[in-house]
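Take a look at the structure below.
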Amino acid sequence: GIQVEQSPPDLILQEGANSTLRCNFSDSVNNLQWFHQNPWGQLINLFYIPSGTKQNGRLSATTVATERYSLLYISSSQTTDSGVYFCAVGVAGNQFYFGTGTSLTVIP
Amino acid sequence: NAGVTQTPKFQVLKTGQSMTLQCAQDMNHEYMSWYRQDPGMGLRLIHYSVGAGITDQGEVPNGYNVSRSTTEDFPLRLLSAAPSQTSVYFCASSYRGQRYEQYFGPGTRLTVT
């Protein structure tokens, strides 16, 4: 199956700092989503972004499908941003492959 | 609109016992999937369905059965639980008209002793 690599695996930020999370994938994909898994385990949709750039408040994402990577930007981080961020890529219908995530801790 | 619901939230089984994890969605999504999440790992696809009566295997199907008799429900069955099936199980649904954007349930934490 397709390989999905996320970096960095762990990240500790001071509140207010900015960060960039990266997702590389090994083959062409039809779909790409970013999720935030909060400390209670809930998976929250952040972006559906198979290509291009989207912004939602302090978060934005860019996918360059031809170069097989996606970036998630978090600006002015808050403690509520803590958790694990997953990238998931879809190759057919609803078959998605997940990366191993970036664990983010934001300290006040 | 409840979205994707899963029951139970927590379950402890003994090795060899069977059980069914329930998943339901009220968004009329044709696609539904089951994933498992192990510590320090991303989610891995177990089985998926593209509509009522149609199911297929994902990355890690062994030890699990599924069926899809209605659009709303997609139960996951463990016929003979093993400690290796201790995990958190997530159900997801998606819709072709929304380009397969996936929506996840809250998860079921299963421990097999």
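Check off (1) among the aromatic types (Phe, Trp, Tyr); (2) within 11 Å of another protein chain (Cβ to nearest Cβ); (3) open to solvent by 30 Å² or more (accessible area, probe 1.4 Å) for residue A:48 and give me the number that stays unchecked.
Only one criterion in (1) among the aromatic types (Phe, Trp, Tyr); (2) within 11 Å of another protein chain (Cβ to nearest Cβ); (3) open to solvent by 30 Å² or more (accessible area, probe 1.4 Å) is unmet by residue A:48, namely (3).
Scan the strands (runs of 3 or more DSSP E) fully inside chain A and keep the ones with 2 or more residues being touching a residue at least 60 places away in the same chain (Cβ under 8 Å) and under 11 Å from the mean Cα position of the chain (by Cα).
Details: elements: A:4-7, A:10-14, A:19-25, A:31-37, A:43-48, A:52-56, A:59-64, A:69-74, A:83-92, A:95-98, A:102-107.
Counting at least 2 such residues, we get A:4-7, A:19-25, A:31-37, A:83-92, A:102-107.
Quick check on segment B:38-60. Is at least one of its residues touching a Cys at 6+ places or on another chain (Cβ under 8 Å) and within 13 Å of chain A (Cβ to nearest Cβ)?
So far as segment B:38-60 goes, no, none of its residues is touching a Cys at 6+ places or on another chain (Cβ under 8 Å) and within 13 Å of chain A (Cβ to nearest Cβ).
Select from segment B:10-30 the residues that are more than 20 Å from residue B:102 (Cα to Cα) and open to solvent by 30 Å² or more (accessible area, probe 1.4 Å) and list them in ascending order.
The answer is B:10, B:11, B:12, B:14, B:15, B:16, B:17, B:18, B:20.
Given the conditions (1) more than 20 Å from residue B:40 (Cα to Cα); (2) more than 14 Å from every other protein chain (Cβ to nearest Cβ); (3) under 14 Å from the mean Cα position of the chain (by Cα), and given that residue B:94 satisfies all but one, which numbered condition is not satisfied?
(2)
Would you mind finding the one in A:53, A:66, A:80 that is more than 14 Å from chain B (Cβ to nearest Cβ), in contact with a strand residue (DSSP E or B) (Cβ under 9 Å, 6 or more places away or on another chain) and over 21 Å from residue A:107 (Cα atoms)?
One residue alone meets the criteria, A:53.
Is it the case that segment B:4-11 has a residue that's modelled with pLDDT under 95, under 13 Å from the mean Cα position of the chain (by Cα) and assigned to a loop (DSSP other than H, G, I, E, B)?
Scanning segment B:4-11, I find no residue that is modelled with pLDDT under 95, under 13 Å from the mean Cα position of the chain (by Cα) and assigned to a loop (DSSP other than H, G, I, E, B), so the answer is no.
The values are calculated or read from the model by the stated rules, or taken from the named source; none is laboratory data. All values derive from a computational prediction rather than experimental measurement. Note: ideal-geometry Cβ built from the backbone for every residue, glycine included; neighbour counts use all protein chains shown. Each accessible area value is taken on the protein alone, full model and side chains, heavy atoms only, with ligands, DNA and RNA left out. Shrake-Rupley method; radii C 1.70, N 1.55, O 1.52, S 1.80 Å.
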